[in-house]
Each structure stands twice: as structure tokens, then as C-alpha cells.
1. Near TYR4, within a Cβ-to-Cβ distance under 12 Å, what is the net charge of the other residues, with Lys and Arg +1 and Asp and Glu -1?
2. For ARG430 and ILE178 in the same chain, what is the full-extension length gain: residue separation times 0.36 nm, less their Cα-Cα distance, in nm?
3. With label points built 7 Å along Cα→Cβ from the Cα atoms of GLU64 and ARG197, find their separation and express it in nm.
4. How much space per residue, in cubic angstrom, does the convex hull of the C-alpha atoms of segment 291-376 take up?
5. Report the full-extension gain for the segment GLU328 to ALA311: residue separation times 0.36 nm, less the Cα-Cα distance, to one decimal in nm.
6. Calculate, axis by axis, the spread of Cα positions in segment 22-83 along the three principal axes, and write the results as whole Å, longest axis first.
7. Arrange the peptides 96-109, 24-37, 168-181 so that the one whose residues have, on average, the most other Cβ atoms within 10 Å appears first.
8. If the cut-off is 18 Å between C-alpha atoms, which aspartates and glutamates fall inside it for LYS176, apart from same-chain ones fewer than 8 positions away?
Amino acid sequence: QSIYRFRGAEVRNILEFPDRFPETDIIRLERNYRSTAPILAVAGAVVDNNQGRLGKTLQAERGEGKLPTLVFLPDQETEASFCAELIEKSLHSRGGAYSDWAILYRTNAQSLTFETELLRRHIPYKVVGSLKFYEREEVKDALALLSIMVNPRDEIAFKRVINKPARGLGQVTVDKIIETASHADSSLRGNLLEACRNILPELSKKARTGLEGFLAVLDQSRSMLTAEGGVQKRSTVASDRLTALDGGPGSNKITSDRLTAGEGLSALIVYILESSGIAEYHATEDEIAGTQRLSNLQELANAASLYPATAEGLAEFLEHIELDRSLESGEEQNDSVTLITVHNTKGLEFRKVIITGLEQGVFPREDKQDEDLEEERRLFYVGVTRAMDELYLTTCALRRMYGRTNYNQPSLFLSEIPLDGIKTLGQIPRGFVPGRTRSPLSDPEAGATAPGVSGLRAHQGPRAPR
């Protein structure tokens, strides 16, 4: 299977093999010892829509089992809450272990909402194939910028970002700034930003220019915060990369060619990341290493959209993050829920699997057509077949993307699953009928008021609830 096309894998090597070698015998390995029959049926129903495959029909050696469950949810917070509550109730009623469970998602950036919910419920978890969200380098850089803006005496944050990306400041200069701050008058003692201003005349032209630019970004960022909670339009000299656009009464939308921000505090996050050079720095790393650092920065901006663009809103945002980080024990437990991207699950298996974010534009990703869409479908197949006993599929009517809450259509893959092969929970959007090759949704707002976790009702059988 080619699910690593971005790393150079090519499915045609499999498909064209019999043509290149006419005497080839094709032996299909169809006996499956991991999953129950209903889980394999879901996987097969979706991947059968691919044209580029030799084809096989898996037979479950373990026989029948519990029907997979498709869950329609109102938003990503409810999705995370549903996953956590499902795990808790399962352990309390049927026993088992946290390690029986895996929560799968399309990209690493999606882990943030689940990490936050599991931390607050004191459910142990581990992130496989990546660091925990707040331990990722790019996220630490972004938070350091925000921290030094709020608290100019934060020496750790200052050291992290003062010369990242390089501004021509050597270690001797950085040490001198810190020393200057420690010997300042009592009112300014420890204020590293004021120490920077005081030391400017002593620096070389390159270092002075770099440091002036850093201070200008922080000054401009502060000025963007207003008492009304709307981000003010930026100065045109602050950054030629950004454009301020009207985003409704009392607010402005700031965009760049890398990150997008919309509501609340998210615009400030995008501005400071772009103007400081941090976004460009990590975009370059993405190009070199094939990482998803920008996606993580975008997810941080998405999270900030829940807070007002005021000094108090920024402080509250940072306080909530610090609270979440303080809940981490620092020691990874063996018995813990696994958070993992679908790509990283290849070769693994779990008793109970929840595949999340099954919406158009999320999974499959945006603008996936033809061969790319077929690769996404193979990826979904891999995720489904990681489940041994239980499979849950979740889709949200609303999801925060690019700093705004958007209506979403359920994933095309969900419409390819026969209704009699799954249970459904929640309110099915009007016009969505599982078992079709296409989802004919025309009204994205239909079904957006699905009940919360405790109000979800199970429905099983050939007729979908309306």
C-alpha cells in the first residue's frame, strides 16, 4: 500500500508489477487475524471505491463482533469530550486499560484539543511519533514571544527568542543585556526590553538593526490590543508580509501567505509570528525536513481565537496554557491512551480505536483529487484496520480552522459506508446518506445543533434518524 507518497512511495510499483513480469502469480493475503468482521467490512467498503488497486476481500478469522459507531458531533470540543467520556465509561463499566484505546487524527496539530481534555480529566496519555503539543519547538517559540511581551522580565523566554531567527546578536551581547537589566534602577530592574533599548547605541549596525526590529514587533503587538477586544489595524511599516482586512464590526482579519487568523486573539498570534520571523524560520524547516511545524503554529492561533484581543485576554490565554502544562506529570505511564496520526499507526494495533476529524478538508485533506484522494482513502483503510474489537468514527459540524469556526461536510469516506454496517450517534446532517459514493450535502448548517455527549442516542439499522 502506498500511504507514504510524500516520502516517495509509489503505488504503481505494485499495480504495474504483473504487466512488467507476465509470469507473476498474484497471491492475495486475505485472512485477517486482528479485526472483527464488521470492522473489516467498513474498511473494505471505503477502499473498494479506489480504482488503483489489485483488490482483495479480507476475511475475519475472529468472526463477528461489535458494529463500528459513527458519531455526529457539533464541534471539536465536544469531540474531545466525547472521546474522553467514552474511555472513562468503558473502563468503569467493562474494565480494561487506558492502553486499549487509541485516538487517531490526520495531522499532529489536531492533538491539542485532545491533550487539553485528557489533561483536565487526569486521563494518562502519550503522543506517538511527535512531542506533546506544548513541548514542540515551534510552539515553545511562539509562547516565548507572547510571554516576553506580557512579562519583560521573563529571562527564559527572552533567551529563547531574542536571536531566533538570527538577528546578529552574539552570546556576549545577550549576556550584557541581561546584566544591564539586573543593574537597572529599581523601577526597571529586570526589564529586559528596556535593557535592550539602553544598549542599542553600543551595538554594531547589524545587531542594532536586528534588535530594533525585534523591539518594534513587540511594541506593535502591544498596540494592537484594544479594550474592546478587537485587534487594531497594524502599522504599515511593521511588516510588508501582512495585510489587515475588515473582519466585521470591531475586528480585523490579518492574513499572511503562511498563516491565517480570524477571530479574537488569533490575529495577534499570526502577526507576531510573521513579523518576528518565527513563521518563516519554521516554514523553512518544514521544507527541509517535511515536518508540520506551521500546522502546529496555526493550531495555536486557532486556540487563541477563543480569547478576546485584549491584554487581559492574552494573559488569560497564557494562564490556561500554563495550567495545562502544569497538569502534565512529566513521566509517561505505560498504561495510557495513545494519541497518534493515522500515518504513524502503520504496523500497530489497538483494541479500541477512535478515528477523529472525519470531515471534508480535514480527512481527506483539501483539494485531494484522483490519485491523491485514493491515497487518502488507503490511509483511512489503514486507520480502520488498526482496530481489533471496537471502532468509532467522529465527524464535527463545526471546527475552528484558520482562526474561524467553519461549517463542515462529513468526510466523503463516511458516505461510502453502508448504513447497515454501522451504528450512528447524534444528529445526522440533512441529505447525508451512508452507502452512497458521494455525500450530497447541500446545506452545511443542517444538523449543526447535534446534542452533547450525554444526549447522544444510538441508532442501529437500515433507516437513518432525521
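The values are calculated or read from the model by the stated rules, or taken from the named source; none is laboratory data. The structure displayed is predicted, hence computed values, not measured ones. As a convention, Cβ positions derive from the backbone with ideal geometry for all residues, glycine included, and neighbour counts pool all protein chains shown. Please note that ligands, DNA and RNA were not included when accessible areas were found on the heavy atoms of the full protein model with its side chains. Shrake-Rupley method; radii C 1.70, N 1.55, O 1.52, S 1.80 Å.
1. Working: positive: ARG5, ARG7, LYS346, ARG378; negative: GLU10, GLU375.
Summing Lys and Arg as +1 and Asp and Glu as -1 gives +2.
2. Details: separation 252, 0.36 × 252 = 90.72 nm, distance 6.12 nm.
Residue separation times 0.36 nm, minus the Cα-Cα distance, leaves 84.6 nm.
3. Calculated label separation equals 7.6 nm.
4. Working: hull volume 14.2 nm³, N = 86.
That works out to 165 Å³ per residue.
5. Working: separation 17, 0.36 × 17 = 6.12 nm, distance 2.66 nm.
Extending this stretch completely gives an extra 3.5 nm.
6. 55, 28, 14
7. On the way: 96-109: 21.4, 24-37: 12.3, 168-181: 15.9.
Result, highest mean Cβ count within 10 Å first: 96-109, 168-181, 24-37.
8. ASP154, GLU155, ASP185, GLU194, GLU202, GLU212
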